[in-house]
Amino acid sequence: MASFFRRSIASKLSRILGQSEEVFIGALSAVPVSKKHLSPDFRLSVSTLIKNGVISPKGDIQSQTEALAKELEQDSVVEEISAGRGVINFKLSRKVLVEKILQQLGERDFRFGAKSELFASLEKGTTLVEFSSPNIAKKFHAGHLRSTMIGNFIANLKASLGNDVIRVNYLGDWGMQFGMLGVGYQRFGCQEQLKKNPLQHLFDVYVQVNREAETCDDISQAARTFFRQLEKHEHPALSLWQQFREITVEEYQKVYKRLGVQFDVYSGESFHQEQAREVVQQLQTQGLLKTTERGTNVVDLSPSGDMSRYATVLRSDGTSLYITRDIAAAINRKENYHFDEMIYVTDKSQETHFQQLFQILSTMGHPWAERCRHVGFGLIQGMKTRRGEVVFLEDVLDEARSRMLKNMSLSKTTKQLDDPENTAEKVGISALIVQDFKGPLTSDYTFDWDRMLQAHGDTGVFLQYTHARLCSLIQRYGDGAGGACDPSLLLEPRSIAVFQHLLRYDEVLYQASQDLQPKHVVNFLLTLCHLAGSAHRELQVGERTQNVAQARLRLFIGICSVLASGMRVLGMTPVKKM
Ligand code: ARG
């Protein structure tokens, strides 16, 4: 596949230009399939090679490009080599293209794309991804949903590329809000309600106590007392808090399960209060702590030491802050999980927080701070359900399911489904994911139920629909995966376009692994589905000679498995019928 072809072309280049093949493997790019003209398969930018110092400039770029193209020899794999504007184009033998890709697609350990030599230079190791991280008793807002979907994608991607992945949910389970919640619960709480509908009840109590606090000073006073008791681990404050936390985690787990998301660790801010104290101690010993006039303790982050930029790590009353607990948590994770890289996924408003965190860790002498990364994302506007503004993640999933079910009920195949609700749920979630992943993560977007659930737009529904159609085709004509297949029966433009497109998959995964943006994978799969649709229309399987049917079936089986594995990386569960 791509990797085999890259290597063939790279070896030609290396023979003439005298560098190692590896240098050229990464410099080659598979050309996107275009409807208008017959495109070459791979392209090499000569100007990039010169810019990167791989080859030295000789005269003007164009004549150098042409001279190099002339020197390269064609063979049975690379059939045409020509010079374009500053680039060299390579066209592969159609037969070899088909043969090699089919061979890869049929391999037992299906890792199409992920096995490429493009990944040879990347270090594999342990990746810790921290994502979702909602706050107990507060609203699970759209940002938490985004973090959940994006973090899950990053974790899946890293795992598919052979890394060990640890998925951490860092709950907002500590802080002054628990003072409020504790006091609120003591006043308006109800054990029965808490059992019956925990998230709703805790949220209601929290809202109510905050409202009362606006007019009643006692409450704020009582909340401070409650939180102080909690910090000292006194009962009943501690046991009440424990109960809130446990119930909330149980509830969240149910929703994560629906989303197909799992965590290895449910940690949270509460785990690190002791360590936060030690961190402050250590900052003190290292001479990094300064006391302000207001009595707070801060770390100076300005380049010239004039306190023009600083982070507060201790309040004047001696309690720790969000960032203090994050410093402690990071150090603790390094000790426990020995990660090689750590990725935090939150909305972009926390960008500065994470910059400060990484800077402090690095100043404290932790070189691995350089391998920590924050992936920020934009706002979702207008996420509403029939019940109004979204408070709970569950409501979004329920609504996606019911809307999808309604759309599906218009189609005849839905009637034959064993569990239409379950299918609607999976398709609905895919719709949420594609809507979220289509653009750059830092962009804001407007939530739109109708648009994201369209069956024929660039949506998750379209991906699922294509997958289901391919599955039914394969089921109908039997899976000929084992049979021999003659590549010369797959040389029509429609199938060649698919193979050309598949050449890009390793590059797409590589790009995503670098910038951690899911849009590369989404767009690749959407195009794959469009190409699959045209191939499906033109290349019939039924009523053809057995050899032709067999070959076409192999093509569709291949598309179906790449589509399914790509969808899984994005966090979707492909459905076989819908
Ligand atoms: N609970 C936080 C919030 O909802 C997000 C936590 C992000 N992770 C971290 N290590 N600070 O805003």
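Quick note: the coordinates plus some simple rules give every number you see, no bench work behind them. On a predicted model such as this, the values are computed, not experimentally measured, just so you know. Cβ coordinates were reconstructed from backbone atoms using ideal geometry, including for glycine residues, and neighbour counts include every protein chain displayed.
Worth a mention:
- Just one of the listed residues (Ser302, Ser320, Ser362) is within 27 Å of the chain's Cα centre (by Cα) and either within 12 Å of the ligand (Cβ to nearest atom) or not hydrophobic (A, V, I, L, M, F, W, C) (or both), namely Ser362.
- Helices (runs of 4 or more DSSP H) contained entirely in the stretch 43-151, each with at least 1 residues that are charged (D, E, K, R) and over 30 Å from Glu370 (Cβ atoms): 61-71, 94-105
- When the stretch 359-384 is filtered for residues that are in contact (Cβ under 8 Å) with a residue 60 or more places away in the chain and among the polar types (S, T, N, Q), the ones remaining, listed by number, are Thr363, Gln381.
- The lone exception for Leu105 - which of (1) over 20 Å from the mean Cα position of the chain (by Cα); (2) more than 16 Å from the ligand (Cβ to nearest atom); (3) surrounded by fewer than 20 Cβ atoms within 10 Å (Cβ to Cβ) it fails: (3)
- Here the condition is being in a loop (DSSP other than H, G, I, E, B), in contact with a helix residue (DSSP H, G or I) (Cβ under 7 Å, 6 or more places away or on another chain), buried (at least 16 other Cβ atoms within 10 Å of the Cβ) and not charged (D, E, K, R); of Val261, Val209, Val255, it holds for Val261 alone.
- Selection count where residues are in contact (Cβ under 8 Å) with a residue 40 or more places away in the chain and closer than 24 Å to Phe377 by Cβ, scope the stretch 338-353: 10
- Selection count where residues are in a helix (DSSP H, G or I), under 27 Å from Lys35 (Cβ atoms) and acidic (Asp, Glu), scope the stretch 470-519: 2
- Selected residue (criterion: farthest from the chain's Cα centre (by Cα)) from residues of the stretch 1-37 that are closer than 21 Å to Glu66 by Cβ and part of a loop (DSSP other than H, G, I, E, B): Gly18
- Candidates Lys195, Lys124: the one that is away from the ligand (no atom under 16 Å from the Cβ), on the phi < 0 side of the Ramachandran plot and within 18 Å of the chain's Cα centre (by Cα) is Lys124.
- Within the stretch 224-240, the residues that satisfy the criterion of being loosely packed, with under 15 Cβ neighbours inside 10 Å and under 14 Å from Gln186 (Cα atoms) are Thr225, His235, Pro236, Ser239.
- Going through (1) away from the ligand (no atom under 15 Å from the Cβ); (2) buried (at least 23 other Cβ atoms within 10 Å of the Cβ); (3) in a strand (DSSP E or B) one by one, Val165 falls short only on (2).
- Conditions (1) away from the ligand (no atom under 11 Å from the Cβ); (2) of a type in the set (A, V, I, L, M, F, W, C); (3) closer than 22 Å to Leu516 by Cα; number of the one not met by Val313: (3)
- Pick from the stretch 332-359, criterion of a type in the set (Phe, Trp, Tyr) and within 12 Å of the ligand (Cβ to nearest atom), ranking: nearest to the chain's Cα centre (by Cα): Tyr344
- Any chance Ile327 is within 16 Å of the ligand (Cβ to nearest atom) and without any contact (Cβ under 8 Å) to a residue 40 or more places away in the chain: no
- Answer from Leu321, Leu301, Leu314 - the residue that is of a type outside the set (Ser, Thr, Tyr) and without any contact (Cβ under 8 Å) to a residue 24 or more places away in the chain: Leu321
- Candidates Phe112, Phe131 - the one that is in contact (Cβ under 8 Å) with a residue 24 or more places away in the chain, of a type outside the set (Val, Ile, Thr), within 16 Å of the ligand (Cβ to nearest atom) and surrounded by 17 or more Cβ atoms within 10 Å (Cβ to Cβ): Phe131
- Identity of the residue in the stretch 135-153, of a type outside the set (Gly, Ala, Ser) and within 10 Å of the ligand (Cβ to nearest atom), that ends up surrounded by the fewest Cβ atoms within 10 Å (Cβ to Cβ): Lys138
- Top-ranked residue of the stretch 168-192 - restricted to ones that are away from the ligand (no atom under 16 Å from the Cβ) and of a type in the set (S, T, N, Q), ranked as surrounded by the most Cβ atoms within 10 Å (Cβ to Cβ): Gln186
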